[in-house]
């Protein structure tokens with residue numbers, strides 16, 4: 001029996017000291033021109049989901065983090081969460097980062113927004129940020 005496998009991605013939540021969440025402006029479809037959490041695809045056979053998260057953070061925002069500075073928020077696997085097909089995302093909280101914020105790769109912009117005043121978001125990122133808010137209350 002041959003199995004179809006979902007694509008695996010990592011998404012990253014970065015909150016600064018001003019209670020703002022980092023979002024990127026998507027430069028590619030789907031959801032081109034909408035804001036989303038930084039993140040992207042795992043390079044199959046070459047990296048872990050954590051290392052994909054660290055790589056995507058640097059590629060899209062110029063910010064640097066380490067695998068040890070990531071904490072898993074949750075796994076998001078609804079088969080309808082992405083119009084391209086079945087995607088499984090591991091969402092990480094970035095606890096420590098450095099570098100100069102600069103949009104690059106497939107991000108047209110990278111901006112911090114107030115966690116209580118976010119623009120419309122791509123994919124199910126509103127739900128992921130909602131889970132992050134709940135996590136902060138429990139912490």
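Just a few scattered comments:
- Residues in the range 1-31 that are part of a loop (DSSP other than H, G, I, E, B) and either closer than 15 Å to residue 124 by Cα or out of contact with any strand residue (DSSP E or B) (no Cβ under 8 Å at 6 or more places or on another chain) (or both): 1, 2, 3, 4, 5, 17, 28, 29, 30, 31.
- Subset of the range 1-16 [at pLDDT 95 or above and farther than 20 Å from residue 74 by Cβ]: 16
- Here residue 123 fulfils each of the conditions (1) out of contact with any strand residue (DSSP E or B) (no Cβ under 7 Å at 6 or more places or on another chain); (2) surrounded by 14 or more Cβ atoms within 10 Å (Cβ to Cβ); (3) modelled with pLDDT of 95 or more; (4) part of a loop (DSSP other than H, G, I, E, B) apart from (1).
- Failed criterion for residue 68 (all others in (1) within 29 Å of residue 138 (Cα to Cα); (2) not in a helix (DSSP H, G or I) hold): (2)
- Residue check, residue 110 under 12 Å from residue 24 (Cα atoms), touching a residue at least 60 places away in the same chain (Cβ under 8 Å), surrounded by 14 or more Cβ atoms within 10 Å (Cβ to Cβ) and touching a helix residue (DSSP H, G or I) at 6+ places or on another chain (Cβ under 6 Å): yes
- Residues located in the range 80-91, provided they are surrounded by fewer than 19 Cβ atoms within 10 Å (Cβ to Cβ) and either in a strand (DSSP E or B) or touching a residue at least 60 places away in the same chain (Cβ under 8 Å) (or both): 84, 85, 86, 88
- For residue 104, the criteria (1) touching a strand residue (DSSP E or B) at 6+ places or on another chain (Cβ under 7 Å); (2) within 14 Å of residue 61 (Cα to Cα) hold in every case but one, which is (1).
The values are calculated or read from the model by the stated rules, or taken from the named source; none is laboratory data. None of these values were measured; they are calculated from a predicted model. All Cβ positions, even for glycine, are placed from backbone atoms using ideal geometry, and neighbour counts span all protein chains on display.
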